[in-house]
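Just below is one structure, and these are the notes that go with it.
What follows is calculated from the coordinates using simple rules that are stated; it is not laboratory data. Since the structure is predicted, the reported quantities are computational estimates derived from the model, not experimental observations. Cβ: placed from backbone, ideal geometry, glycine included. Neighbour counts: every protein chain shown.
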Amino acid sequence: MQVNDQSGLPYYEQLILHVKQQIVQGILQPGDRLPSVRDMARQEQLNPNTVSKAYKQLEAQQVITTVHGKGTYVRETAVVAGDSAQVVATKKQLFTLLTELRYLGVPLDEVVKWIKEAYQGVEQ
Amino acid sequence: MTLQVKALSKAINHQQIIEDISFDWAPGEIIGLVGRNGVGKTTLFRTLTNQYVAEQGQVLIDGQSTTRHPLQQRQLFFLDGQYNFLSNYRLWEIPEFFRLVYAQFDQQRYQDLLVQFELDRNSQYRRLSKGMRALVNLILALTSNATYIILDEPFDGLDVIVRENIATMVIDEVADQQKGFLISSHDLNELDGLSDRVLLLKDSRLVQDYHLEEIRETAKKLQLVFNDKTIPAVLKEHSQLIRVSGRVLVVVITHYTPEIDQQLRALNPVLLEELPLTLEDLFRANLAHDTGYQLMK
């Protein structure tokens, strides 16, 4: 199972991250169809309500779109403004993590290397 | 549409087995039921379905008591694993009995599912392997077309393939939001991703109603190592101890706040690492009192 990645996050959040990860890696592309809630639940052996919650949030974040009676599709990646609420909130989270890394004594070069790896899609 | 259990109690031989059990259950919901052996899970199921007469309390389906309106019981399915009459019957004969109670029994689907899982309609129930029996039990539950389905230890002793088949059928069935499941299991990992909520039965009572996804949002499981061998006050106050080995502490903190985080870091732990939180951890945190803080002096 891909979901349950040992992160300790709720399963719906893991699923959201998993879908986004597949999008940035190009495994899922704009216009691609996602499995229905039922099929995704079967595939991941998860409660359908959990999958449904993940899909709703992905929809609210404009990552996917549901065409009634047809299915759920990956949207064109919108270029999000650097000052949008979502970016600001995520930046704040990143800064919290960076503070911790500094406290743990991880040098800047190392962190920059990780960031580059993440952006280039290199598996850890 | 909802099923409500209200203050249900049952004593057997003057011994209270379940006491003051209340919870709501809606179609589309999978509820897990966990508790140590002998805590009364099966008694709860038998009382819910009126196989045992409750001392107190009632079960309401759509607002109607199942004792005063017995027809409502058709919406509730429970096949007793210990005491049932199926042993000597062949698979093709069994639906006849269930059709008497469940007027909407889906005969066609029953036959189709037997074929799908390569179950011989001429086999006697008692000659089935454990895995086959588990499948037949679930097939009967689904084809009864009851809205509320109780499964008592449906994963017990099954290989990984049968387990996955059973979980998949439950997921498939619940996805339409027309049916609800109440599942007892010792396989806590199996219930973990499957359930919306997990009820914990302890000392005859329901002591917890966990919404696992919500708990994961606020709770943290940590592995900690401190230099000296005393347990910091912040942990005594906010955490439940899961395991100790040497200097290594594994704790669950149900409401992890930035304050707790700061206090922990201020103690300069040698190690502070987050671990994934499982249902098993919550189970241990609540039930394993013998691994209390007194272990470390």
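So for chain B, what percent of the C-alpha to C-alpha distances run longer than 33 Å? When every Cα pair of chain B is considered, 34 percent fall beyond 33 Å.
Only Cα pairs under 8 Å and 6+ residues apart enter the sum, and on that basis the relative contact order of the range B:67-148 stands at 48 percent. Evaluate the Debye formula for the range A:11-74 with equal point scatterers sitting on the alpha carbons, no solvent, and hand back log10 of I(q)/I(0) at q = 0.23, 0.25, 0.28, 0.30 Å⁻¹, in q order, two decimals. The Debye formula, applied to the Cα set alone, gives -0.98, -1.17, -1.43, -1.54. Principal axis extents of the Cα atoms in chain A, from largest to smallest and rounded to whole angstrom, are 51, 32, 24.
From the Kirkwood radius over Cα pairs of the protein assembly as shown, Stokes-Einstein at 4 °C and 1.567 mPa s returns a whole-number translational diffusion coefficient of 53 µm²/s. Put a plus charge on the Cβ of each Lys and Arg, a minus charge on the Cβ of each Asp and Glu, and nothing anywhere else: the dipole of the range B:219-296 about its Cα centre is then about 160 debye.
Of the residues A:Val74, A:Ala118, A:Leu108, the one whose Cα sits farthest towards the positive end of the charge dipole of the range A:10-124 is A:Val74 (charges of +1 on Lys and Arg Cβ, -1 on Asp and Glu Cβ, taken about the Cα centre). Past the 28 Å Cα-Cα mark, which pairs from A:Lys56/B:Lys130; A:Lys53/A:Lys116; A:Lys70/A:Lys92; A:Lys92/A:Lys116; A:Lys53/A:Lys92; B:Lys6/B:Lys130? With Cα atoms farther than 28 Å apart: A:Lys56/B:Lys130; A:Lys53/A:Lys116; A:Lys70/A:Lys92; B:Lys6/B:Lys130. Of all DSSP beta bridges confined to the protein assembly as shown, the antiparallel ones make up roughly 75%. Over chain B, Cα pairs under 8 Å with separation of 6+ residues give a relative contact order of 19 percent. Counting Cβ atoms of other protein chains within 10 Å of each residue's Cβ and taking the mean over peptide B:168-180 gives 4. Candidates B:Ala175, B:Leu135, B:Phe78 compared by Cα position along the dipole of the range B:3-211: farthest toward the positive end lies B:Phe78, with charges placed on Cβ. Computed about its Cα centre, the charge dipole of the protein assembly as shown is approximately 460 debye, with only Lys, Arg, Asp and Glu carrying charge at their Cβ.
All Cα-Cα distances of the range B:219-296, cut into 10 Å bins from zero to the largest, leave 19, 59, 22, 0 percent in each bin in turn.
Work from the charge dipole of the protein assembly as shown (Cβ charges, +1 for Lys and Arg, -1 for Asp and Glu, about the Cα centre) and give the residue of B:Pro269, B:Leu44, A:Pro48 farthest towards its positive end. Going by the charge dipole, the pick is B:Leu44. Computed from Cα atoms, the angle from the helix B:160-174 axis to the main principal axis of chain B rounds to 80 degrees. Helical content alone sets the calculated 222 nm signal of chain B at -9000 deg cm²/dmol, taking -39,500 (n - 2.57) per DSSP H segment of four or more residues and averaging over every residue. When A:Ser7, B:Ser239 are arranged by Cβ crowding within 10 Å, least crowded first, meaning fewest neighbours, the order is A:Ser7, B:Ser239. Expressed to the nearest 5 percent, the antiparallel share of DSSP beta bridges inside chain B is 70 percent. Treating r as the C-beta distance of A:Val24 and A:Val88 and R0 as 22 Å, the FRET efficiency rounds to 0.65.
Helix B:107-116 and the long axis of chain B differ in direction by around 60°, with both axes built from C-alpha atoms. Stretching B:Arg109 away from B:Ala7 to a fully extended chain increases their span by 33.0 nm, per 0.36 nm per residue minus the current alpha-carbon distance.
Placing +1 on each Lys and Arg Cβ and -1 on each Asp and Glu Cβ, with no other charges, gives chain B a dipole about its Cα centre of roughly 840 debye. Against the longest principal axis of chain A, how steep is helix A:85-103, in degrees 0 to 90 to the nearest 10, with axes from Cα atoms? With both axes taken from Cα atoms, the answer is about 40 degrees.
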